[in-house]
Amino acid sequence: MTTNRIMNHPVLGKLENRKTVTFTFDGQTFEGFEGDTIASALLANGIRQLRVHEETGAPRAIYCNIGHCFECRVTVNETDTVRACMTPIQNDLKVESGKMQPAPFNTSPENWPRTYAEYEERNKANKDGDSNV
Amino acid sequence: MFDVVIIGAGPAGLSAAIACRESNLDVLVIDEFTQPGGRLLGQLHQEPTGEWWNGIKETQILLDKANALNTNIKCGISCHHIEKIDEGYIVHTNDGLLKTKKLLIASGAAETAVPIPGWTLPGVMSIGAAQVMTNVHRVEVGKKGIVVGVNVLSAAIARELQIAGIDLHSMALPVSNPVTKDHAHPGKVMDGLVRIAHLAPSAFLRFGSKFAQNAKVRELAVKFYPKGGVKMWGMPIHIRKAISQINGTDKVESVTMVDVTPEGKIIPGTEEIIKVDFVCIAGGLYPLSELASVVGCPFRYIEELGGHVPVHNEQMETPLDGLYVAGNITGIESAKVARAQGTVAGYAIAEQQDKVEKAKEEVKAIREAASIQFHPQIKAGRAKIHRAFQEYA
Ligand SMILES: Cc1cc2nc3c(=O)[nH]c(=O)nc-3n(C[C@H](O)[C@H](O)[C@H](O)COP(=O)(O)OP(=O)(O)OC[C@H]3O[C@@H](n4cnc5c(N)ncnc54)[C@H](O)[C@@H]3O)c2cc1C
Ligand code: FES
C-alpha cells in the first residue's frame, strides 16, 4: 500500500503512526490512511481511473483535487455523484466507479430549470428537512 | 440563528473567525474539505530569507488560536446556495439550512482550466491537484511528469514536487488555441516569469533580473531564449516550446512537444515525443466568487485582481447589508494577505472599529513585503474595487 507514498519528506518529515482504513472500490478491498480522501487512497494504491464518461466511456480521473471540477465523481454507499477528492475514506466504505449510462443526457435544454428557485420549486417533494433552522 | 457564518476555513476564514470569537460572537465556520486550512495546507516554499513557509504548520497555528477561543469549525459541509432574508441570510448546505445574522464568504480561488488535446486522460491534473496530493496526502502523482503552463504558481509547485522527490522533465507552454490565449504567448509568459526570479537560486536569478526592467530587452530574451530552456533548480523552463498533445489510451503515456515562435505559433517539423506518466496543467488562479453572485452581490471585472470580484470596501463589507468577503475571493494574493484580510473582516463583523483600522494597515504592510505576487498591479486593482463600492454607499 505504501508504494506510491511519500513516506520521507525532507521538509515535511516522516509519515508516522498513521492509522490504516479499509474500504472497497468496485468490489476490491483497499487500504488507505486515516485522513485520506477516496482519490488519494486510490492513487496511493496505483489506481487513477475513477469513472468513465457517461456517454462515450472514455476514462476519467481527478483533475483539480479540490472539489471544483467534479471530474472525480463516484458512487459511495449507493449515493452517486460524490466527489472522490473531497470524501474521506472510512472503514467499510463502498465506493464504485462511475459507469457508462444508456442515455445520460437525454433531456433537452429547453426543459432545464432556468434559476435555482425554479429548480427548488420542481424538487420540493424530495427536499431534505430544514434541520438547522 | 448564528451571529456569523463563515464559508471557507482557509487562512481568511480562520483568521476572521478568531477575530469574531475574541468578541465572543456566536460563530460557525464551514468548509467542504475534510480538514480546515484551505489552500494554505498544501503550501511549501522557501522565502528569500531562506526560511520555509510550511502551510501545514501555519494552519496549525491558526487552528490552535481558533480552538483556544472555542471556535466551532465544521468540515465536510458544502454550501450551494444562499438566500437573503430580512434578519440576515439562510445558507443552504448538504447538511441542511443555516440561519445567520451576518455572513462572510471566504471561498478562496480556483484554477483556470487550460484545455489542450488529451487533457481528459487519467494522469492529467491541475498543478494545484499535484500540490495537494504531494504535500497534504503525501501521495506521488506519478514517476515522471511535465508541467504545462509557466507562471508564479506552477514554478512554486514544480519546486515542491522536486523537493518531494518527484521527477519532472521540464516546464513548457500549452499549445496556442482560443482558450489558452496568453498562457501560450511566450512574450506574455516572460513578463510573468521575471517577477518570480527572486524566488529562484542564483543562476535563474541572474538571468531573470537581467531582463526584468526593460521591455525591449525582454523581447530579445524571448527571441533568443535558449533552446535547452533556462534551468531553475536543475529543471529546464521552456517558453519557446509548447505541448501540442497529450498521448495515451487509458492513461497518460507521453506528450508531444513542439517549438514555437515568439508569438506562440507552432514551428512545423519540430515535434518530439516525451515519455511521461503524468501532466500538470497550470492556467493561473481566479477568485471563486459564485456564492456572492448567487446572493445578489454586485461584481466588477478587474484583471489585476484575477477576474470577477464582488464589490467591497477596505473593511471587506459588500454593498449587501451584513455580507462580507475576505481572502482570494476578493483578488488573487498570497496566503499571508488572505490571512490579514480575514482579520480585518472579523473585526469589521464584530464592529471593533479601532482594531479594523490597525488590521487594514497590517494588510497593506504585508502586501508591500510579499515575496510571491500573482499580479504586479494588485494595488491599482484594489483601488478600483474600493472605488466601485462608493457607487453603492
Ligand atoms: C490550487 C491552489 C494552490 C495555491 N497555492 C498557493 C501557493 O503555493 N502559494 C501561495 O501563496 N498561494 C497559493 N494559492 C493562493 C491561495 O488562494 C492563497 O494563498 C490562500 O490560501 C487564500 O486563502 P483563502 O482563505 O482566501 O482561500 P482558501 O485557502 O482557498 O480557502 C477557501 C476554503 O473555502 C472552502 N470552500 C470554498 N467553497 C466552498 C463552499 N461552497 N462550501 C464550503 N466550503 C467552501 C474551500 O474548501 C477552502 O478550504 C493557491 C490557490 C489554489 C487554488
Ligand atoms: S477532482 Fe475536481 S472535484 Fe474532485
- Give the range of the longest stretch in chain A that excludes all GluC sites (Glu not before Pro) found in loop regions by DSSP and having at most 14 other beta-carbon atoms within 10 Å. A:79-133
- Query: residue A:25: accessible area at probe 1.4 Å, nearest 10 Å²?
  - Reply: 10 Å²
- Give, to the nearest whole percent, the P(r) tail of the protein assembly as shown beyond 45 angstrom, counting all Cα pairs. 13 percent
- Task: Can you pull out the buried accessible area for chains A and B, both sides counted, probe 1.4 Å, rounded to the nearest 100 Å²?
- Result: 3800 Å²
- Note on the structure: HN-Hα couplings for segment B:39-52 via Karplus (6.51, -1.76, 1.60; θ = phi - 60°), in whole Hz with x for Gly/Pro, come out as 6, 4, 3, x, 6, 7, 8, 9, 6, x, 6, x, 6, 8
- Query: To the nearest 10 degrees, how steeply does helix B:353-369 sit against the main Cα axis of chain B, on a 0 to 90 scale?
  - Reply: 10 degrees
- Query: How much accessible area does residue A:52 have with a 1.4 Å probe, in Å² rounded to the nearest 10?
  - Reply: 30 Å²
- Query: When the accessible area of segment B:114-282 is split by element with a 1.4 Å probe, what percent falls to carbon and sulfur?
  - Reply: 57 percent
- Task: Run the 1.4 Å probe and let me know the accessible area of residue A:112, rounded to the nearest 10 Å².
- Result: 130 Å²
- Accessible surface of segment B:353-393 [probe 1.4 Å, protein heavy atoms]: carbon and sulfur percent: 53 percent
- Message: Let me check I've understood the local charge: for residue B:22, count other residues with C-beta under 11 angstrom from its C-beta, Lys and Arg +1, Asp and Glu -1. What total comes out?
- Response: +3
- Note on the structure: In debye to the nearest 20, the charge dipole size for chain B, taken about the Cα centre with +1 at each Lys and Arg Cβ and -1 at each Asp and Glu Cβ, equals 1320 debye
- Degrees separating the helix B:335-349 axis from the principal Cα axis of chain B, which is the longest one: 20 degrees
- Divide by every residue of chain B the summed helix terms, -39500 (n - 2.57) for each DSSP H run of at least 4, and state the resulting mean residue ellipticity at 222 nm, rounded to the nearest 500 deg cm²/dmol. -9500 deg cm²/dmol
- Rounded, prolate or oblate: which fits segment B:1-122, taking a ≥ b ≥ c as square roots of the Cα gyration tensor eigenvalues, rounded meaning a/c under 1.5, else prolate when a/b beats b/c? oblate
- With the dipole of the protein assembly as shown defined by +1 on each Lys or Arg Cβ and -1 on each Asp or Glu Cβ, the option from A:30, B:175, B:236 whose Cα lies farthest towards the positive pole is B:236
- Note on the structure: Quick shape check on segment B:114-282: root eigenvalues a ≥ b ≥ c of the Cα gyration tensor, a/c under 1.5 is rounded, otherwise prolate if a/b tops b/c, else oblate, and it reads oblate
- Task: Using a/c under 1.5 as the rounded threshold, could you call chain B rounded, prolate or oblate? The axes a ≥ b ≥ c are square roots of the C-alpha gyration tensor eigenvalues, and prolate needs a/b larger than b/c, oblate otherwise.
- Result: prolate
- Query: With point charges of +1 on the Cβ of Lys and Arg and -1 on the Cβ of Asp and Glu, referenced to the Cα centre of chain B, which listed residue (B:130, B:311, B:344) lies farthest in the positive direction of the dipole?
  - Reply: B:130
- Accessible surface, 1.4 Å probe, highest first, among residues B:224, B:389: B:224, B:389
- Task: Set Lys and Arg Cβ to +1 and Asp and Glu Cβ to -1, take the dipole of segment B:284-384 about its Cα centre, and tell me which of B:295, B:378, B:330 lies farthest positive.
- Result: B:378
- Can you give the three extents of the C-alpha atoms in segment A:8-124 along their principal axes, from longest to shortest, in whole Å? 55, 29, 26
- Relative to the longest principal axis of chain B, what angle (0 to 90°, nearest 10) does the C-alpha long axis of helix B:11-22 take? 20 degrees
- Query: How high is the FRET efficiency from residue B:270 to residue B:369, r the C-beta distance, R0 45 Å, rounded to 0.05?
  - Reply: 0.55
- If you roll a 1.4 Å probe over the heavy atoms of the protein chains, what accessible area per residue do you get for the protein assembly as shown, in Å²? 44 Å²
- Query: P(r) tail for segment B:205-359, what percent of Cα pairs lie past 24 Å?
  - Reply: 58 percent
- Candidate lysines - alpha carbon under 25 Å from residue B:188, same-chain residues fewer than 8 apart omitted: B:210, B:216, B:223, B:227, B:231, B:241, B:265, B:379, B:384
- Item | Cα centre as origin, Lys/Arg/Asp/Glu Cβ charges: the protein assembly as shown dipole, Debye | 1820 debye
- Message: With both bridge residues required to lie in the protein assembly as shown, what share of the DSSP beta bridges run antiparallel, to the nearest 5%?
- Response: 60 percent
- Item | Student exercise, segment B:114-282 dipole from Lys, Arg, Asp, Glu Cβ charges, in Debye to nearest 20 | 580 debye
- Query: What number, in percent, do you get for the relative contact order of segment B:114-282 if the mean sequence gap of Cα pairs under 8 Å and at least 6 apart is divided by its residue count?
  - Reply: 32 percent
- Counting Lys and Arg as +1 and Asp and Glu as -1, what is the net charge of the other residues whose Cβ lies under 15 Å from the Cβ of residue B:363? +2
- chain A: calculated mean residue ellipticity at 222 nm from DSSP helix runs of at least 4, using -39500 (n - 2.57): -2500 deg cm²/dmol
- Distance in nm between residue A:117 and residue B:64 label points, each 7 Å along Cα→Cβ, equals 5.0 nm
- Environment charge of residue B:59, counting only residues whose C-beta is closer than 12 Å and scoring Lys/Arg +1, Asp/Glu -1: +1
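The values are calculated or read from the model by the stated rules, or taken from the named source; none is laboratory data. Treat the numbers as computed from the prediction; the structure is a model and nothing was measured. Ideal geometry is used to build each Cβ from the backbone, glycine not excepted, and the neighbour counts take in all protein chains shown. Side chains included, ligands, DNA and RNA excluded: accessible areas come from the protein's heavy atoms. Shrake-Rupley method; radii C 1.70, N 1.55, O 1.52, S 1.80 Å.
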